[in-house]
Amino acid sequence: MSPGGLILAVSGEVDLESVEPWKLALAGAANDGDPTVVADLSAVVCADAAIINALLRVRLSLGRRLRIAALSWPVLRLVQILGVDHAFALRAGLQEALRDGPAPEGGVSSSAV
């Protein structure tokens, strides 16, 4: 855990066949009680809706404690296509995600990607 919260980084391809470890890490984070959980998606090179589904599911338990940081282009594009950018607290980088206070109820802050 970082001093500002827990950082979960995922890399490579995240799809229906490979998403299970990511889902388990997110579920564990939801149960740990960290004040902030940051999903670092900067190293994801290919993704499908499975990564977004996992984030939406864990958002139910993490609520405003969940931040999404440093979206790679494939993930950002997927978020835009699916129209779920409003559902998450999106941040440009890790430091910003750890520094900011709780995300607004609507999800996206003024410092969003």
Single residue of region 76-113 satisfying the filter (of a type in the set (Val, Ile, Thr) and assigned to a loop (DSSP other than H, G, I, E, B)) that is modelled with the highest pLDDT: Val84
Positions within region 23-48 being in contact with an Asp or Glu (Cβ under 9 Å, 6 or more places away or on another chain) and open to solvent by 20 Å² or more (accessible area, probe 1.4 Å), in sequence order: Val45, Cys46, Ala47, Asp48
Glu17, sole failed condition from (1) in contact with a helix residue (DSSP H, G or I) (Cβ under 8 Å, 6 or more places away or on another chain); (2) more than 22 Å from Asp85 (Cα to Cα); (3) acidic (Asp, Glu): (1)
Residues of region 77-95 satisfying the condition of being in contact (Cβ under 8 Å) with a residue 12 or more places away in the chain and either open to solvent by 30 Å² or more (accessible area, probe 1.4 Å) or of a type in the set (Val, Ile, Thr) (or both): Val79, Leu82, Val84, Asp85, His86, Ala92, Leu94
Residue tally, condition under 18 Å from Leu78 (Cα atoms), of a type outside the set (Asp, Glu) and open to solvent by 40 Å² or more (accessible area, probe 1.4 Å), over region 10-22: 3
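The values are calculated or read from the model by the stated rules, or taken from the named source; none is laboratory data. Note that the structure is predicted; figures quoted are calculated from it, not measured. Every residue, glycine among them, receives a Cβ derived from its backbone with ideal geometry; neighbour counts consider all protein chains shown. These area figures cover heavy atoms from the full protein model, side chains too; ligands, DNA and RNA do not enter into them. Shrake-Rupley method; radii C 1.70, N 1.55, O 1.52, S 1.80 Å.
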